[in-house]
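Everything on this sheet refers to the single structure shown next.
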Amino acid sequence: MKDNPAQPLRGEAAWRASVKEIAKRNQAAQAEGARKRAEKDAAADREAVKLARREARDLPNQPGR
């Protein structure tokens, strides 16, 4: 039996289509979350490097060195 695109899906076919659509949205949301997390981690790493440089620069000089 051929599917007529004018008629909406019914039964298991409709359920499978909705599951597929949900999985697609979930995958997109996970990718967006991973991208945002990577940006956040990179910013935190940059701040940590700046702080370490600032602390190293502000260390007092040891006598005799």
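Listed values, structure above:
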{"read-out": "Boolean, Gln7 is at pLDDT 90 or above and of a type outside the set (A, V, I, L, M)", "value": "no"}
{"read-out": "Residue that is under 21 Å from the mean Cα position of the chain (by Cα), at pLDDT 95 or above and not charged (D, E, K, R), where the choices are Ala17, Ala28", "value": "Ala28"}
{"read-out": "Any hit, region 4-13, residues being in contact with a helix residue (DSSP H, G or I) (Cβ under 9 Å, 6 or more places away or on another chain) and either free of Cβ contacts under 8 Å to residues at least 12 places away in the same chain or assigned to a helix (DSSP H, G or I) (or both)", "value": "yes"}
{"read-out": "Lone qualifier among Arg37, Arg25 - being of a type in the set (D, E, K, R) and either touching a residue at least 60 places away in the same chain (Cβ under 8 Å) or within 30 Å of Leu9 (Cα to Cα) (or both)", "value": "Arg25"}
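The values are calculated or read from the model by the stated rules, or taken from the named source; none is laboratory data. Quick caveat, the model's predicted, so the values are computed rather than measured. Note that we place each Cβ from the backbone using ideal geometry, even for glycine, and neighbour counts take in every protein chain shown.
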